[in-house]
1. Quote the convex hull volume per residue of segment 106-211, based on C-alpha atoms, as a whole number of Å³.
2. Could you sort out which of LYS94/LYS304; LYS4/LYS343; LYS46/LYS343 sit more than 31 Å apart by Cα distance in this structure?
3. Can you give the Kirkwood hydrodynamic radius for segment 46-157, in Å, rounded to one decimal and based on Cα pairs?
4. How many angstrom separate the Cα center of segment 300-343 from the Cα center of segment 222-254?
5. Kindly state, to the nearest 0.05, the FRET efficiency for THR47 paired with ARG297, given R0 = 22 Å and r defined as their beta-carbon distance.
6. Would you mind classifying segment 65-104 by shape? Square roots of the alpha carbon gyration tensor eigenvalues, ordered a ≥ b ≥ c; an a/c under 1.5 is rounded, otherwise it is prolate if a/b is larger than b/c and oblate if not.
7. Among the aspartates and glutamates, which have Cα under 13 Å from the Cα of LYS318 when same-chain residues fewer than 8 positions away are ignored?
8. With a sphere of radius 15 Å drawn around the Cβ of SER207, what net charge do the other residues whose Cβ falls strictly inside it have (Lys, Arg +1; Asp, Glu -1)?
Amino acid sequence: MEKKIASLHENAFVIDAHFDLLMDVEIQRARGRKKVIETDYLPGFKTSGINLIVASIFIESEFLPEMGLRKALAQIHSLYEEIDESSHHIMMCKTYEDVRKAKQENKIGFLLSLEGIEPIGHDLRLLRIFYELGVRIVGLVWSRRNYAADGSHFTPVREGTKGGLTAFGIEVIEEAEKLGMFIDVSHLNDEGVADVLKMAKKPVIASHSNARALMPTMRNISDEQIRQIAATGGVIGINAASMLVAEDDDKSNLEHLINHLDHMVKIVGAKHVGIGLDLCDMVMKYISPNDFGKFERIPFDVIKGHESFKEITKELIKRGYDDEAIECILGNNFLRVYEEVLK
């Protein structure tokens, strides 16, 4: 079994399509540490055989709106500094050729995504700046309202009438696709997802969302949304956050996580499902109390670090997935989207 798993990870292009890494790295560097990725994360990346990490730019609510842009730029700066210090191990990826080069050179590639457009506020000109800095994926919202759209809450909240995309949100999609970015609908509410699927001309992804049919939170996506995302050529990445896996913490485990993957595969096939673990145990100590208020349960990772990533592959083998399907799920599906969009 171990040899088979190693072979699959060698043959596939292994991707974690969503990781809030930079929040931790930026804070650690501000406290004087260097080579945070090489010291704290690289061993797990290497053990897992991961080739590419999508590093999201997530801004805590307590810094918004005034500090959103500054915090985002600080996170990006921290990654560039880390790459300078650990250039033998990690690299920035801005093009599809960069993504392929990372594996060829036995490095971990990093692709940047925005988890919410709060850093650009209402100034569309700033999207070009983030593109030049390396951002290639635009998640319009986290689970809160901003100038582009409304977020999907983890649990019901008191609010007024929900909306889909704003006029500014439509402009963001159009500008993002013109620049060479694509849209991530994880964290969008249903109205916003519907609008994106009508508007987008490039593949749409849900980088870190599970199946609402198995865990009924609005933060997960419906069967119809799964079909519609697949119809764009997009991919859905399964999410290891406990409150998106099962209603009971005791059932929030690897088995139930892969049940979500099975469910999606039954609907759209193995060509449209991937992995976006959204591992957050290492950053929960930083999360604002205001953000904790959005959760009925304090979330935990059902996959304990990237060093446990191969447990997913082991479970897929046990469930009878063939090699091609496993390699697609491990990352080849997301790689297909990158090849189509990234220039």
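1. That works out to 120 Å³ per residue.
2. Details: LYS94/LYS304 29 Å; LYS4/LYS343 34 Å; LYS46/LYS343 27 Å.
Correct reply: LYS4/LYS343.
3. Working: mean 1/r = 0.0663 Å⁻¹.
The Cα-based Kirkwood calculation yields 15.1 Å.
4. Here the answer is 14 Å between Cα centres.
5. Numbers: r = 29 Å, r/R0 = 1.31.
Once the sixth-power term is evaluated, E becomes 0.15.
6. Details: a/c = 5.55, a/b = 1.94, b/c = 2.85.
Judged from the Cα gyration tensor, segment 65-104 comes out oblate (a/c at least 1.5, b/c at or above a/b).
7. By straight Cα distance, LYS318 reaches GLU2, GLU255, ASP262.
8. Working: positive: ARG136, LYS202, ARG219, ARG336; negative: ASP16, ASP20, GLU115, ASP184, ASP278.
Net local charge, SER207 excluded: -1.
The values are calculated or read from the model by the stated rules, or taken from the named source; none is laboratory data. As the structure is a computational prediction, the values presented were derived from the model and not from experiment. Cβ coordinates were reconstructed from backbone atoms using ideal geometry, including for glycine residues, and neighbour counts include every protein chain displayed. Areas reflect the complete protein model, heavy atoms only, side chains present, ligands, DNA and RNA absent. Shrake-Rupley method; radii C 1.70, N 1.55, O 1.52, S 1.80 Å.
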